[in-house]
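Take a look at the structure set out below.
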Amino acid sequence: YESLTVAELAKKLHREPSELIKKLFMLGVMATINQDLDKDAIELICADYGVEVEEEVRVDKTDLEVYFEQEEINEEELVERPPVVTIMGHVDHGKTTLLDSIRNTKVTAGEAGGITQHIGAYQVNIDGKKITFLDTPGHAAFTTMRARGAKITDLAIIVVAADDGVMPQTVEAINHAKAAEVPIIVAVNKMDKPSANPDRVMQELTEHGLVPEDWGGDTIFVPISALKGEGIDTLLEMILLIAEVAELKANPDKNAIGTVIEAQLDKGRGSVATLLVQDGTLRIGDPIVVGHAYGRVRAMVNDMGRRVKEAGPATPVEITGINEVPQAGDRFVVFEDEKTARQVGESRAMTAIQANRSEKQRVTLDNLFEQM
Ligand code: GTP
Ligand code: MG
C-alpha cells in the first residue's frame, strides 16, 4: 500500500470517492479520483475515518526508529563515545546509594561548583574517560525501549545485596539485560554488613546463567559497599574495560537522535525532557520531534545543572522548547528544518489520538486488501 489511488482507497473504505476527495480537500490536499495517494495521505484518511491500519500502529510506535536505522555509517566519521550504563536490581539492594556514591566520588572537581540537580541520568569522568549512568527512571525508559526492540544501554549493572541474595526483581533485571543482549556486571553490595554472604549470591546467580570468572564463567562480579564507597573504583574500571572491548562509536557530526529518559511539565518552563543523545550532536535551536511532541530546543541544561549549547553522543541533557510532555522511552530526532519537524510531530500526534479513539474499529492492512 505504498500508494493507492483515491478510487482504490474509497473502495477499501466503502466510501464514495467524492467523499474522500472532499476530505482530502479539508486536509489541504487537492486530489482527483485517479490520483495516487502516498502512504502518509492514506494513513491520514484512514485515521480520519477512525479506521486503523494495523501497519500504521507499528509505524506510529517506531517510525522515528527509521532514523536510527537508515543512515549510512561512514566509519571514518565515527569517534569513541562513552558507555551508557543502567543500574538495576531488587528494591533496597542499594542502586541509589551506588549511584550517589559514584557521583560523589567521581564528579570532576571542575564541575563541582555547579548546582547539582537530579536529572535521572548523569555522566562521570574517570581520568578523562566518561561513563553515562541512567538512574531508576532510566530503568523505565530501558523497559519501554526493550518492549519496542530498541536499545539505549550498553551495559547493565545488577546490584545484589550480599545479605539478602537473589530476589524476584534481581531475576527480572537479569532477564531484561539478557533480552536486550547487553553485558552484565554483578555488583555484590552491602559487603560491609556482618551478614554478607557473597558466595551465596554467586551460587544463586549461577543458577540464572551468571557464572563468576573464578568459577570458570565469564560474568564479572565486583564486591562493593555502596554505603562506604568500597569497591567502587574497581567497578568503574570494569565498566571501562567492557566499554573498551565493545568499541562503542558514534558520529558527532550529524543531527542528533536519541531517547527520552524522563519528562515532566514545569510551571515556568513548560515541557521539560531529559534526553539521552545517542548519536550526533544536539544543539540549541535544533528543530526536534520527541515522541509525539515537537518544537525547537530552547534551552539545554547538563547533569550538573549548567546551561550548555550542545550535547554530543551518550550525553544526557535536559531540554525545553517542545509543545508536549513526551514519555520515558520515546525516541527523538532532529530535523533539518522546523517545518518538517512540525509536520512529523503533528502527524504523529494525530495518529496517536486516532489510535486511541479507534481501538474498536481496528482493521488490519490484510483484511483491507481482502475487501477489495
Ligand atoms: P529502591 O530505589 O527502593 O529500589 O532501593 P535502592 O536499590 O535504590 O536502595 P537504596 O540505595 O535506597 O538503599 C536501601 C537501603 O540500603 C538504604 O538504607 C541504604 O543506606 C542501604 N544500603 C545501600 N548500600 C549499602 C551498603 O553498601 N551497606 C549497607 N550497610 N547498607 C547499604
Ligand atoms: Mg533507589
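Only the coordinates and a few stated rules stand behind these numbers; no lab work does. The structure displayed is predicted, hence computed values, not measured ones. Note that each Cβ is placed from the backbone with ideal geometry, even for glycine, and that neighbours are counted across all protein chains shown.
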Listed residue pairs exceeding 19 Å between alpha carbons, taken from Lys23/Lys339; Lys151/Lys249; Lys178/Lys228; Lys129/Lys249: Lys23/Lys339; Lys178/Lys228
Long-range amide H partners of Val297 with built H, under 5 Å: Gly285, Asp286, Ile288
Low-density loop cleavage sites - GluC sites (Glu not before Pro) in region 196-241, where at most 13 other Cβ are within 10 Å (DSSP): Glu207
Label-point separation, His14 to Ile33 (7 Å along Cα→Cβ), nm: 2.2 nm
Full-stretch length increase - Lys178, Glu77 - with 0.36 nm per residue and alpha-carbon distance subtracted: 33.3 nm
Per-residue ³J(HN,Hα) for region 309-321, Karplus 6.51 cos²θ - 1.76 cosθ + 1.60, θ = phi - 60°, Hz, x for Gly and Pro: 9, 8, 9, x, x, 6, 9, x, 8, 9, 10, 10, x
Calculated from backbone phi, Karplus (6.51, -1.76, 1.60) coupling profile of region 209-217 in Hz, x at Gly/Pro: x, 9, 9, x, 4, 4, 9, x, x
Paramagnetic reach from Lys129 (point 7 Å along Cα→Cβ, amide N under 12 Å) across region 227-253: 234-248
Inter-site label distance for Asp48 and Val171 at 7 Å from Cα along Cβ, in nm: 5.3 nm
Residue-span extension gain [Ser3 to Glu346] - 0.36 nm each, minus C-alpha spacing: 121.3 nm
J(HN,Hα) series, region 279-289, from Karplus relation 6.51 cos²θ - 1.76 cosθ + 1.60, nearest Hz, glycine and proline x: 8, x, 10, 8, 10, 4, x, 5, x, 9, 10
Amide H contacts of Gln278 (H built 1.01 Å from N, under 5 Å, at least 5 apart or other chain): Ile257, Gly258, Thr259, Ala314
Amide H within-cut-off set for Gly231, under 5 Å, with H built and near neighbours excluded: Ser225
